[in-house]
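Written below as structure tokens is the structure these notes are about.
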Amino acid sequence: MGKETRPKKITFHYQKTGSFRTHHVDGATGALTPNGKIYMELFTESLVTQEEETYKLTAKGKLGEIESSKGPRGVMRQIEAGIIMDIGVAEALRDFIDINITEFLGKQAKKS
């Protein structure tokens, strides 16, 4: 049998799909799936927009203090994406984030 040769390097080419978007992320939530994968939802946070607000008008007809508002109160978490990954991808993602955090902190320390 011949000796098997393995490539010494590999090149990855990246192409963005038609549905590609950049998402701002304020946090994540999720859990393990029944088949042992990690499911994670990425979300953005903002204050809930009121359905209606009533303002007093000043003597000059300008917007004054708020008098009343109608609608739910609290913080809205809008889920931007759901991601499913196996443990190997999760570890690679963790390592990628750790490397970037270390680089960021190193740059911040140099600025001080």
Single residue of Ile10, Ile79, Ile66, Ile83 found to be of a type in the set (A, V, I, L, M), more than 21 Å from the chain's Cα centre (by Cα) and part of a strand (DSSP E or B) = Ile66
request  = Filter region 81-112 for residues that are surrounded by 11 or more Cβ atoms within 10 Å (Cβ to Cβ) and in contact with an Asp or Glu (Cβ under 8 Å, 6 or more places away or on another chain) and give the result.
outcome  = Ala81, Ile83
ask   = Regarding Arg73, is this residue within 19 Å of Gly27 (Cα to Cα) and loosely packed, with under 11 Cβ neighbours inside 10 Å?
value = no
task = Tally the residues that are more than 11 Å from Arg77 (Cα to Cα) and at pLDDT 95 or above, restricting the search to region 37-53.
result = 4
request  = Search region 34-70 for residues being free of Cβ contacts under 8 Å to residues at least 24 places away in the same chain and within 30 Å of Ala90 (Cβ to Cβ), and hand back the single one that is surrounded by the fewest Cβ atoms within 10 Å (Cβ to Cβ).
outcome  = Pro34
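The values are calculated or read from the model by the stated rules, or taken from the named source; none is laboratory data. Computed from a predicted structure; not experimentally measured. Cβ sites come from the backbone with ideal geometry, for glycine too, and all protein chains shown count toward neighbours.
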